[in-house]
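Structure first, commentary second.
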């Protein structure tokens, strides 16, 4: 029996936070995983999950999590877990994730700490699973048999790279991308954004977000070097991002202007390219892989967060308003579910992929 | 006594609509004007303004408008008016505004119908009042002594051109501008945007808005031809606009990326340039001219619509997040009060300017 | 094979409206029904459902509805339907529903037109399915073999009567109820509430809603007369309702103050009573009957619409903040999903119940 | 020259908080006061107000406050102040306000700490300034010449008591009041309510709020005892309050059901009574006293927070939907600006009144 056929025991770090709660909802519906261990801060440890958590999901708390006793995030307490999902805050994720990695766990992280580390895959699972080739080197360096770290990207990056990857694969390198985001409040966690800051208002800054997008895109759309010891980010693409917080619960909207390095395709060719885009996670039959990676909408007032964020159970990206750009070649608007494909869902599909490839 | 010293009798067309209501609020506070006549559709005519109008302003309805009996929009009924403000919908504005113009009225219009007509000033009063030189030609062509039409621009255009004009005046021509807007619901009138479309949501389309911005900017930032018979729009600047509707009551936020044609200034030079920008309406002492045309904010999470839309009583533009752009030269975020500088307030200041210049 | 075991062909009238769209979503997930025919206004008829409809649900449009060609609402065109669900507007529902009834169809209506007709069940399916005894009389009067009309109640009434029924059954008659509602915008259809009326705002009126609640409660909590020819509304209970529209997409919140006619129970007895409440639709195994009719929450800041509206797939009522009332005996806050148990879901469960009882 | 004719030096405690910011806005517009000293926590002291404060008002920060250096809340540092306004949080207000009182300052407090102290006026300045008679006793007890404490009420109480007082004065004692509130987020301060709790949502609990309303109403509508040593709250009125937080920035909406102890007046008599209600602060010509204490609106969908909260510059209460109650005698909906009449504005008018009466 291959590892991909058995149910994997999942540990979730940062389980009581917003990303952690999304992990719980998604794992409880996923036949490949069983919720085994939940980790959080000392304040929560020792309590059943239901009382340790201020639940904020629209879905009811899954029954298979309610009574799990929360632990502190110590690898010694997570024996029996096949895979570790981390929804930890960046302020603590660095040390804890490293400890789990060194303790030979397969770690899937949402935190930013290791995203730009050269031998760590920064993986949007519908885009660049070829970066998993870095894992062998990670293990060799540390003398590990099973441990590794895979990170997923910033939530806005996750949406943006999907159509960009499709375009790059089909029409060759991109030259310049200008993107302006309208990001949902759930991306800031809880309590996160104060209501006085966002009711009848826009906040035109998300601290640290723009540089993340501008550099993560280059790594994800790039390749890896010849001996698979490090990633090889793109050096010829320039990206400029502007990020706004808007009064929307879930779903990031992104307005992109794109210039190709070579002869640009027509609008129809672009639409067809996006519609036809597929990824290896689909081919392998991963449970969370969306049937359609990119939904291209012809309705001129779409995508909209409330209506489109659940496309593909939150794992698809919806792209609309594909039209010529008077300054570059094409402009379009995309929508990504920021806590599914943009966070917990990406980690889970990353783990499914790793299991299918025999890495777990 | 010069015309600018007497109180002018104002007529308002489309007085019961959203723009019309803003006209009423602003005129009631303005010592240069007296609300004289109010025009609306046949359905409203004959009724006192207070009962003809579904009032939607946060300010209480001014007492000097409550009992004015609404008329139909027939020039013969507006004798005694020195100036006509039109908040009419584009579907009817074309014929009605022309009729008032031909009947020798000074018409200040918010509608799009005549904005791109070559001999009609498309005037943001803190930007391009030099286009008033077209008025002499308008009158000559029609044999009028007092009549003319001045339009103001689309609400998003109104905000964007202000810093662009300051930069162009100081640092020479611009080459490319990419702008993404987050526009308030009041811009769509009443009932306008359905609540099911905008609560917990973004609408990524405002029909017809993007081409307006892309072409109006060129006309406003351009000049007029040698014999002042027509405007001379810029031909070397390219503008790409993407417009979104967001759940904000008043105040359009705009994220702009700008490339200069020549050597770009530093960020500090740009800030200084914007801070020092002045316009002739200020010099002339127009009542509605803001003390500061552009507020440059150093707080990194500003401008915000709820906090900044009333800067300069809604007649200033607030610009923040001025920083280098990895793709072009500079990017920044601006905020404009869409129904004040972006609509009724601009018309009123246009009229004040015209009066100061002896055109009314 | 009993009728309840076969799949029933469903026709939906008013299929393109907000309630109609909810019918489509719920029916597509329900194994007891097959979407057979869709009716709407003349403007839509002849078009595939996907192009006739401005879809506003968060769920994607079900594939089994997309290509159904919309018909006009003529009974002759609905041959083959076992059951008719009406989401028609009250302005047209009266005549059309009557025509289907007279054409021998089983009609389940959301409109107000026949709610107070004495021999028509006004049925909240988790509360008063005993009123189905009126159907025999309906048929006899018209000489029909299969036709009848069952209505469901106003959306706010639907939520309120559930705990009231549980309390009345256990502790005897109620004397006085004061209820204030905070109702979601989806209850007003599309375009419905203008965004300028509800962003950063409350509308303290829902036209005609308060009398509906005040009289529908009496009919639903009452019985039927001896020969089952008419309902027998309560005459000793007095209800006072105040209705507000709030900026919430789905889910009506209702704050109730209740006085018992007799000795009041304790708060703990009330909680236990609500938790233990069951209904016949559950016993019969109806697909849409919630596992738990009433969720009693002990968290003091619940129920909340975003977090609790999907309890029991929208078919449960959540009741919280059960505490003594200084003026009456008890006060509490309840939440009902206004378009599920409060509208389309109630009709569907009503139909399931009728099928189980052999009435379809 | 009477004390009411000179400009008073004002100190503001808790000046950087939400209530403190409202004090700054209102005082800067008020000719009776000069902003003299600003106090806040140790963290802020020593900094200019503009840098110590995260400004959240829609009005720009007044220039006369920007450069005031913030102090710690020590009475010794406030020499030169004629009056002290406290916007302190209840957690620290008790000790600090007492220290200022004992240091012989006239203290006007928004905190709850001394509201129910028998010899402290709990004063809504358009309702019960007769309670100022308690001040002589306060001073005598402590041997003070100038010091006293006056508190204002909870923000929801402030709105509710205004029409209740008018009705009680005209038609005699009330017997029972049931009130349900829909309260704005600004009432919770900053950061206050998390956006994830209130976007597309209602929070049906405001901790501790309901008992405050239920007991404060009795004190405010009551009198004082014979020797003016203590207040004499009503004992025969019963009040039941239910409080909700709603997604509105400013303005509390309250739905009230009222029963009179004696023969109830007609609806028209009630409307006339409310319209004709006046208070002593008006008679004395206090600057902040509204021209009309109660605005009675006949428009059936009013009051609305966005449209009516600024009535009387936020110092009026708007009452609408006055209609018979099927359970009690009358029901109506009222709106109060929660940070003006409901907080800082009330304190300021209380101080104006005290000055007019020679108490400062």
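No lab work stands behind these numbers, since they all come straight from the coordinates. In this text the structure is predicted, and so the values were computed from the model without any measurement. A quick note on method: Cβ atoms are made from the backbone with ideal geometry, for glycine too, and the neighbour counts reach across all protein chains shown.
Remarks
- Our summary gives the stretch B:155-337 a relative contact order of 27 percent, counting only alpha carbon pairs under 8 angstrom and 6 or more residues apart.
- With R₀ fixed at 35 Å, the C-beta to C-beta distance from residue B:67 to residue B:90 puts the FRET efficiency at about 0.75.
- Spherically averaged projected area in nm², based on the convex hull that wraps the Cα atoms of chain D: 17.4
- Seen against the Cα atoms of chain B and their longest principal axis, helix B:209-221 is set at about 90 degrees.
- Copy-to-copy label distances for residue D:80, where each label lies 7 Å from Cα along Cα-to-Cβ, are 5.6, 6.9, 8.9 nm in order of increasing length.
- Exercise: per-residue mean of other protein chain Cβ atoms within 10 Å, C:54-64: 3
- Computed from label points 7 Å out along Cα-Cβ, the spacing between residue A:104 and residue A:41 is 3.3 nm.
- Beta bridges per DSSP with both ends in the stretch B:155-337, % antiparallel, nearest 5: 70
- Its Cα gyration tensor gives the stretch A:155-337 an equivalent ellipsoid; the semi-axes, largest first and in whole Å, are 25, 19, 18.
- Sorted ascending by nearby beta carbons within 10 Å, beginning with the fewest, B:165, B:112, C:170 become C:170, B:112, B:165.
- Taking N as its residue count, the alpha carbon Rg of the stretch D:171-259 over 2.2 N^0.38 Å: 1.32
- For residue C:272, inter-copy label distances in nm, listed shortest first [label point 7 Å out on the Cα-Cβ vector]: 5.5, 7.2, 8.1
- For the stretch A:104-147 versus the stretch A:208-261, the gap between their alpha-carbon centres in whole angstrom: 18
- Principal-axis tilt of helix D:345-356 within chain D, Cα atoms, nearest 10 degrees: 70
- The rotation axis taking chain C to chain B passes closest to this chain C residue's Cβ, listed with the gap in Å: C:195, 2.
- Computed over the stretch B:107-253, the percent of Cα pairs more than 24 Å apart is 37.
- Between helix B:18-28 and chain B: long-axis angle, C-alpha atoms, 0 to 90°, nearest 10: 80
- Exposure proxy ranking, count of Cβ atoms within 10 Å, fewest first, for D:287, A:114, B:49: D:287, A:114, B:49
- Relative exposure of A:357, C:331, judged by other C-beta atoms within 10 Å (fewest first): A:357, C:331
- Placing a label point 7 Å from Cα along the Cα-to-Cβ axis, residue D:61 is separated from the same position in the other copies by 4.0, 4.2, 5.2 nm, shortest listed first.
- Of all DSSP beta bridges in the stretch A:256-360, antiparallel share, percent nearest 5: 75
- A Förster radius of 35 Å, combined with the Cβ-Cβ distance separating residue C:263 from residue C:207, puts the computed FRET efficiency at roughly 0.35.
- Fluctuation leader among C:90, C:281, C:230 - chain C, Gaussian network, Cα springs under 10 angstrom: C:90
- Taking the DSSP bridge list for the stretch C:27-151 and keeping only pairs wholly inside it, about 10 percent are antiparallel.
- Modelled this way, with points 7 Å down the Cα-to-C-beta line, the labels at residue C:272 and residue C:28 are 4.6 nm from one another.
- Radius, Kirkwood style, for the protein assembly as shown when every pair of distinct Cα atoms is counted (Å): 34.3
- Value at 222 nm in deg cm²/dmol, rounded to 500, when DSSP H runs of n ≥ 4 in chain D each add -39,500 (n - 2.57): -8000 deg cm²/dmol
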